[in-house]
Amino acid sequence: MDKLRIPLFPLHSVLFPGGALPLRVFESRYLDMISQCMRSQSGFGICLISDGSEVGDAATPFNVGTLVEISYFQQLKDGCLGITARGKQRFRILSSEVQPNQLTLADIELLPFIDELALPEEFSDFCGILSNIFEELGHPYTSLPKSYHSATWVSARLAELLPIGLQEKQTMLEMDDPIQRLIRIREIIEDK
């Protein structure tokens, strides 16, 4: 498994490989991190916060997150930086340290890519649900490459975008079986 040292951006969001997440960046530690990532053409990690908040002192993240790349950026009228992070690959944190500016650096191992599995016919109605969600959300979701035939892609997009609890989304991120993820999503939809 590949091992890397990356900066972390802990959030109250879960991003899967293949997904997009628009972010409004205003804290100096993250502005510096984005600048460095763009200069070195490297990525950073997005992890769900286990304890703490998105601003102020460094938050404690869950151990599994997603390595991302910056696919779009712009200076916003309010002086903040708007970026779109694109999920590349899941990772596990091996160790981490908080810098004096409260930026967390982590030694990570990249987790294997999940095999692309064909979307079983019993879940084909999820494609229409997902298409409707993309239309409602607009950019950057409408510009994502689509793989409606893939159980891995469909289950990841639904887990990201449906109104599911963050702990549940984290559990789904950690799942290696996209069919099990689809089954869990169906159970959640049926319960609602």
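The values are calculated or read from the model by the stated rules, or taken from the named source; none is laboratory data. What you see is a predicted model, and the numbers here were worked out from it, not measured in a lab. With ideal geometry, Cβ positions are generated from the backbone for all residues, glycine too; neighbour counts draw on all protein chains shown.
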Yes or no: LEU67 at pLDDT 90 or above, assigned to a strand (DSSP E or B) and of a type in the set (A, V, I, L, M)? yes
Any pair with Cβ under 7 angstrom, 6 or more apart, that starts in region 49-66 at a residue that is in contact (Cβ under 8 Å) with a residue 40 or more places away in the chain and ends at one that is charged (D, E, K, R) and buried (at least 19 other Cβ atoms within 10 Å of the Cβ): VAL64/ARG90; THR66/ARG90
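When region 49-62 is examined, which residues are found to be in a loop (DSSP other than H, G, I, E, B) and closer than 15 Å to GLN167 by Cα? If you could, list the steps in order and put the result at the bottom.
Going through region 49-62, the residues in a loop (DSSP other than H, G, I, E, B) turn out to be 52-59, 62.
Scanning region 49-62 gives GLY52, PHE62.
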Log entry, pairs with first residue in region 111-128 being more than 16 Å from THR66 (Cα to Cα), second being surrounded by fewer than 16 Cβ atoms within 10 Å (Cβ to Cβ) and among the aromatic types (Phe, Trp, Tyr), beta carbons closer than 6 Å, six or more apart or on different chains, reads CYS127/TYR148
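Among the candidates THR60, THR66, single out the residue that is surrounded by 20 or more Cβ atoms within 10 Å (Cβ to Cβ), of a type in the set (Ser, Thr, Tyr) and at negative phi.
Working: THR60 fails: surrounded by 20 or more Cβ atoms within 10 Å (Cβ to Cβ).
Just one listed residue meets the conditions, THR66.
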Grab the helices (runs of 4 or more DSSP H) fully contained in region 146-192, keeping just those with 3 or more residues being among the aliphatic types (A, V, I, L, M) and crowded, with 19+ Cβ neighbours inside 10 Å. 151-161
Residues satisfying the stated conditions in region 151-175, i.e. touching a strand residue (DSSP E or B) at 6+ places or on another chain (Cβ under 7 Å) and farther than 17 Å from ILE46 by Cα: ALA151
Search result, residues across region 138-155 that are over 17 Å from GLU122 (Cβ atoms) and polar (S, T, N, Q): THR142, SER143, SER147
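For residues in region 12-43 being among the hydroxyl-bearing types (Ser, Thr, Tyr) and surrounded by fewer than 20 Cβ atoms within 10 Å (Cβ to Cβ), which is nearest to LEU166 (Cα to Cα)? Walk me through how you get there before you give the answer.
Looking only at region 12-43, we keep the residues that are among the hydroxyl-bearing types (Ser, Thr, Tyr), and these are 13, 28, 30, 35, 40, 42.
Next, only the ones that are surrounded by fewer than 20 Cβ atoms within 10 Å (Cβ to Cβ) stay: 13, 28, 35, 40, 42.
On the way: SER13: 7, SER28: 26, SER35: 29, SER40: 31, SER42: 27 Å.
That would be SER13.
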Pick out the one residue from PHE91, PHE134 that is over 14 Å from the mean Cα position of the chain (by Cα) and closer than 19 Å to PRO17 by Cα. PHE134
Any idea which of ILE93, ILE6, ILE46 is over 27 Å from LEU162 (Cβ atoms), crowded, with 16+ Cβ neighbours inside 10 Å and modelled with pLDDT of 90 or more? ILE6
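Can LEU15 be described as in contact with a Phe, Trp or Tyr (Cβ under 8 Å, 6 or more places away or on another chain), more than 12 Å from LEU103 (Cβ to Cβ), modelled with pLDDT of 95 or more and not hydroxyl-bearing (Ser, Thr, Tyr)? Step through it out loud before you land on a result.
Working: in contact with a Phe, Trp or Tyr (Cβ under 8 Å, 6 or more places away or on another chain): no; more than 12 Å from LEU103 (Cβ to Cβ): yes; modelled with pLDDT of 95 or more: yes; not hydroxyl-bearing (Ser, Thr, Tyr): yes.
Spelling it out, it is not the case that LEU15 is in contact with a Phe, Trp or Tyr (Cβ under 8 Å, 6 or more places away or on another chain), more than 12 Å from LEU103 (Cβ to Cβ), modelled with pLDDT of 95 or more and not hydroxyl-bearing (Ser, Thr, Tyr).
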